[in-house]
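Note sheet for the following structure.
Values quoted throughout were computed directly from the atomic coordinates according to the rules given, and no laboratory measurement underlies them. This is a predicted model, so every value here is computed, not measured. Cβ coordinates were reconstructed from backbone atoms using ideal geometry, including for glycine residues, and neighbour counts include every protein chain displayed.
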Amino acid sequence: MADTGVSLEFLLPRLGNARLFQGVDLTKLEPELQESRLHAIDSGQVLLDPKHLNTNIYIVLDGELMVCLEPKVINPLVRLGVGDCVGELSIIDTSPPSAYVVAAVPTQLLAISKAVLWRMLASQQAMALNLLHVLTRRIRENNVVLLGSMELQREYRNKAETDALTGLHNRVWFEEVFPKQLELCERTGQHASLLMLDIDHFKMVNDQYGHQIGDEALRHLGQLLRCNLRATDLCARYGGEEMIVLMPGADLPHAMVTAERLRQSIAAAVLRLTDGHDLFLNVSGGLAQWIPGTRLSDLIRSADHALYRAKAQGRNQIVSNPLPTDISS
């Protein structure tokens, strides 16, 4: 890295294409330009980083810079070529740079100190307007990066919260979301009911047709749940062949109507196998009504108790257990 004095004969022709100096009479800035310095860095060298304050704005005279989140470049956020500037945000708000700026190739820059830049802006209104345009462009670039990062985070979050097999939400999601929904029901005085569903004789499906068909059956059930539940119902895969549904705003009689309609829809839906055979699934369900103050774990225990009774009574039915607080085990 090297700094040298500036020659106006060398510099003036090279600043003609610089964004910061568009429409600016450079001859009136000769004193300030002579106070500036030529700054050269090699490929891979860091010009700016978040660990150090910056006191200069840099104009790229030759070469290319990369703006990166890490000093070891994998995918740069932005590339800056001849005529671009960098460092303007950090000298305006006096904070360290928000990213690393690294030379992509050997690069020559004009370094203008903060004090000199202010004098330039004061004497050349066109330059101040150019800087405003540069800042606007930089903000837009940052917004694009931010939106891309948010979209990537949403994608990762969706993958983390979605069961890959059924397409339903997974246990991590429902353990976070269900308690919040119950808190909302309590604040707003709404009813709520919880349904636990289990595929009848699912082990026999796996034993007779194989686990690949068993997976198809789970995907089939997930699709039926998404299509037949209300938009306000919250559904997740609880584990294995068990699914869990929270129905905000539904007391036990209304929840029973929804659960029974869902059971019938599942029983009537055919799963066409690759060998031409048709597979029909039946489900058993346990339904519990939530009352204010009931913990999610107790509500699940109550619904699971009702599910056990549905299985014991012959399966392919919905059994309700309206008083979760009566379940002491």
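The table for this structure:
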quantity: Normalised contact order of the chain, rounded percent, pairs of Cα under 8 Å and 6 or more residues apart; calculated: 14 percent
quantity: Chymotrypsin sites (Phe, Trp or Tyr not before Pro) restricted to DSSP loop in region 173-225 with at most 14 other C-beta within 10 Å; calculated: none
quantity: Peptides 7-16, 104-113 ordered by average Cβ neighbours within 10 Å, highest first; calculated: 104-113, 7-16
quantity: Ordering of 177-189, 235-247 by packing [mean C-beta count within 10 Å, highest first]; calculated: 235-247, 177-189
quantity: Gained length - Asp251 relative to Asp215, 0.36 nm times residue gap less alpha-carbon distance; calculated: 9.7 nm
quantity: The chain: projected area of the alpha-carbon convex hull, averaged over directions, in nm²; calculated: 25.7 nm²
quantity: Label-point separation in nm, Arg138 to Glu9, each point 7 Å along Cα→Cβ; calculated: 3.4 nm
quantity: Computed over region 171-326: relative contact order in percent, which uses C-alpha pairs under 8 Å that are six or more apart; calculated: 29 percent
quantity: Folded to 0 to 90 degrees: helix 296-312 orientation relative to the chain principal axis, Cα; calculated: 40 degrees
quantity: FRET efficiency for Glu186 and Asp25, using Cβ-Cβ distance with R0 set to 51 Å, rounded to 0.05; calculated: 0.15
quantity: Angle in degrees between helix 114-123 and the longest Cα principal axis of the chain, rounded to the nearest 10; calculated: 70 degrees
quantity: Cα-based Lys proximity count in the chain, under 19 Å, for pairs eight or more positions apart or on separate chains; calculated: 4
quantity: Estimated inter-spin distance, Leu129 and Thr232, nm [label 7 Å along Cα→Cβ]; calculated: 5.7 nm
quantity: Mean projected area in nm² (Cα convex hull; one quarter of hull surface) for region 2-153; calculated: 8.7 nm²
quantity: Whole-number percent relative contact order across region 2-153, with pairs defined as alpha carbons under 8 Å at least 6 apart; calculated: 30 percent
quantity: Asp93/His201 FRET efficiency (R0 51 Å; Cβ-Cβ; nearest 0.05); calculated: 0.15
quantity: Average silhouette area of region 171-326, convex hull of alpha-carbon atoms, in square nanometres; calculated: 8.9 nm²
